[in-house]
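The values are calculated or read from the model by the stated rules, or taken from the named source; none is laboratory data. Nothing here was measured: the structure is a model prediction, and the numbers come from that model. FYI the Cβ positions are ideal-geometry reconstructions off the backbone, even for glycines, and counts take in every protein chain you see.
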Amino acid sequence: MRITVLAGGTGGAKFLLGLRDHLRDAFPDGRGGTTAEVTVVGNTGDDIQLYGLQICPDLDTLMYTLGGGISAERGWGREHETFVVKEELAAYGMPSTWFGLGDRDTATHLVRTEMLRAGYPLSAVTEALCARWEPGVRLLPMTDDRVETHVVVDGERPGTTRAIHFQEWWIRHRAALPAREFVLVGGADAAPGPGVVEAITDADVVVLPPSNPVVSVGTILQVPGIRDAVRAARGPVVGVSPILGGAPVHGMADACLPAIGVATTAAAVARHYGARPSGGLLDGWLVHDGSGGVAGDAAAVAELDAGGITTRAVPLLMSDPAASAALAAATLALAATLAPGPL
């Protein structure tokens, strides 16, 4: 089985951990792994250059999480991290110390930056970094071209606007500045990274995990050619709602969705992606069933079914590895009912 997942950071990483665990049980290779092949197309719109370093937060979160090096407490950066360099930068009065650059994490950015300056594309650099972490998936940047998500917010004078880097809006301001628009700088001229289109079109299943539909999955889909590849995928496309009972479990999707005119509901996000028979992306969609003390969205099932998106209500809370694996299993089970042949 070939599975391709379009993923951002924390939510996508947790889903992928569950997917890997499920596949090891469902399709074992006899050596503790799986015969299934998982390709992850990672968001690079969050990338930022600081202190001369090329930082790829989402790619690193995926790599560290699947490679066992993520900070379990923070959900980003390295485990057993120290922040001596950050403290020294603050002592010098550097203005960008709002970004949590850890000492161990800095080594990754140094290696990446050195390789990029030597002429290697980001896809080759990512492959080299993953050789150390062995994430158990093929991690592909959505593009080798430099792109950055910027956020248009209100300016200092009434009636004016200004643009800031997504990381500054997300981390420094905690998304408290109302977002008027999200702009993928360089996106119109970007091309899908090597292997990205083929991984999508040739997959037996394409998954849109519970990553931010605006600045994670949505950013990946902005790269010319990727949305068309999803529409043309030979296998079913199944999404998992990042919204449970009208609120995101992780991240700040509720601060992003209003900027594109989408309500913070599971049904609204599904309609935003659209039904593939009608020119959209989705064949199937999973919403929360109301378990775990979190309000559910089962009432949206009939509406979305009628609109051409086969929808099921299942537990979406990834509270532990077993729950994440069960969600992955439910995702593939729904895909199996939509596939033209056996999975």
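Any residue that is in contact (Cβ under 8 Å) with a residue 24 or more places away in the chain, of a type in the set (S, T, Y), in a helix (DSSP H, G or I) and under 29 Å from P192 (Cβ atoms) - is there at least one of those in region 38-61? Looking through region 38-61, at least one residue is in contact (Cβ under 8 Å) with a residue 24 or more places away in the chain, of a type in the set (S, T, Y), in a helix (DSSP H, G or I) and under 29 Å from P192 (Cβ atoms).
Only one entry in P95, P141, P158, P121 is surrounded by 16 or more Cβ atoms within 10 Å (Cβ to Cβ) and either touching a helix residue (DSSP H, G or I) at 6+ places or on another chain (Cβ under 7 Å) or farther than 29 Å from F15 by Cβ (or both), namely P141. Residues in region 273-287 that are within 23 Å of P315 (Cβ to Cβ) and either in a loop (DSSP other than H, G, I, E, B) or in contact with a helix residue (DSSP H, G or I) (Cβ under 8 Å, 6 or more places away or on another chain) (or both): L282, D283, G284, W285, L286, V287. In region 100-125, what residues are under 28 Å from P192 (Cβ atoms), under 22 Å from the mean Cα position of the chain (by Cα) and part of a loop (DSSP other than H, G, I, E, B)? Within region 100-125, just P121 meets the criteria.
Checked against the criterion of being surrounded by fewer than 18 Cβ atoms within 10 Å (Cβ to Cβ), within 30 Å of W170 (Cβ to Cβ) and not hydroxyl-bearing (S, T, Y), region 269-277 contains one or more residues that satisfy it. One residue stands out in region 8-23 among those that are within 18 Å of the chain's Cα centre (by Cα) and among the hydrophobic types (A, V, I, L, M, F, W, C): the one that is nearest to L244 (Cα to Cα), namely F15. Listed by first and then second residue, the pairs with beta-carbon distance under 9 Å, at least 6 apart or on different chains, first residue in region 68-82 and aliphatic (A, V, I, L, M), second in a loop (DSSP other than H, G, I, E, B), are I70/W76; I70/G77; I70/E79; A72/E79. Filtered by the rule that a residue be more than 20 Å from the chain's Cα centre (by Cα) and not in a loop (DSSP other than H, G, I, E, B), region 24-37 gives R24, D25, A26, P28, T34. Checking the structure you have, find out if any residue of region 157-164 is within 23 Å of the chain's Cα centre (by Cα) and either assigned to a loop (DSSP other than H, G, I, E, B) or within 30 Å of G32 (Cα to Cα) (or both). For region 157-164, residues within 23 Å of the chain's Cα centre (by Cα) and either assigned to a loop (DSSP other than H, G, I, E, B) or within 30 Å of G32 (Cα to Cα) (or both): absent.
For region 29-49, taking the residues that are modelled with pLDDT of 95 or more and surrounded by fewer than 17 Cβ atoms within 10 Å (Cβ to Cβ), the one that is nearest to I171 (Cα to Cα) is identified as Q49. Going residue by residue through region 81-89, is there one that turns out to be over 25 Å from I164 (Cβ atoms) and in a loop (DSSP other than H, G, I, E, B)? Yes, the conditions are met somewhere in region 81-89. Scanning region 174-226 for residues that are among the aliphatic types (A, V, I, L, M), more than 27 Å from R162 (Cβ to Cβ) and buried (at least 24 other Cβ atoms within 10 Å of the Cβ) yields V196, A199, I200, A203, V205, V206, V207, L208.
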